[in-house]
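Encoded as C-alpha cells, the structure appears first; notes follow it.
The values are calculated or read from the model by the stated rules, or taken from the named source; none is laboratory data. Everything numeric in this text was worked out from a predicted model, so none of it was measured. In this analysis, Cβ positions are derived from the backbone assuming ideal geometry, glycine residues included, and neighbour counts consider all displayed protein chains.
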Amino acid sequence: MKQDPFENLKEWGTVLDLLNQLDQKGMLGECQKGMIRVLRYKDNWRLREEVLKRIGTIENPSYDLIEQVVAMVADEKVYYRTRIMALNALEKLAKAGCRLPERSAVADRPKWTAVLQGVLKKHQPPILANALIACLHSLEAPLQARTVLHESAM
C-alpha cells in the first residue's frame with residue numbers, strides 16, 4: 001500500500017470513499033503520510049475533519065502525524081470545531097494507551113503538553129478550554145505514572 005494513496009485532494013468524494021475503505025479494513029496506520037497531507041490541506045474542512053475522526057483508531061501513530069494534530073490545535077486560523085476534534089483525537093490516543101513512537105514517548109509528550117498549555121493560557125471560549133483541559137489530563141497521566149514508577153524503582 002502507498003503511504004499516500006489519496007492523490008488529488010480536490011476530488012474529495014473519492015478521497016472520502018478511500019478513507020472509509022481504509023478505515024473499514026483497519027489500514028489507516030499504513031497511510032499516515034497521506035493523512036498528514038490531508039490535515040495540512042486547508043481547502044476542504046470536511047476532509048480534515050474526517051481524518052481527525054479516525055486518527056484515534058490508529059494503533060501506532062507516527063511522530064509526524066501527532067505533530068500535525070498538535071499544530072492544528074495551536075493554529076488560531078483553524079475553526080474551533082476542528083481544533084476540538086484534533087484534541088479529541090489526541091485524547092483517544094492517550095486514553096487507549098496507544099504506543100506512541102519511542103522518540104515521542106519520553107521527549108516530546110512534555111513538548112506537546114507545553115504547546116497545549118500555551119493555547120490554554122490565551123483567552124479561549126469555554127468549549128475549547130474544556131477540550132484542552134481534558135486532553136492535557138490524558139496526555140499528562142502517562143507521564144505522571146511513568147514518573148511515579150521511576151521514583152519507586154529507586
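Considering only residues that are of a type outside the set (Gly, Ala, Ser) and closer than 22 Å to Gln24 by Cα, which ones fall in region 70-97?
Across region 70-97, the qualifying residues are Met85, Asn88, Leu90, Glu91, Lys92, Leu93, Lys95.
Here's a check for you: in region 1-35, which residue that is in contact with an Asp or Glu (Cβ under 6 Å, 6 or more places away or on another chain) and closer than 24 Å to Ala74 by Cβ is surrounded by the most Cβ atoms within 10 Å (Cβ to Cβ)?
Gly34
Could you please let me know if Ile127 is over 16 Å from the mean Cα position of the chain (by Cα), at pLDDT 95 or above and either hydrophobic (A, V, I, L, M, F, W, C) or not in a helix (DSSP H, G or I) (or both)?
yes
If I filter region 60-72 down to residues being within 16 Å of Pro110 (Cβ to Cβ) and β-branched (Val, Ile, Thr), which single residue comes out as modelled with the lowest pLDDT?
Step by step, filter region 60-72, then rank; the result is Ile66.
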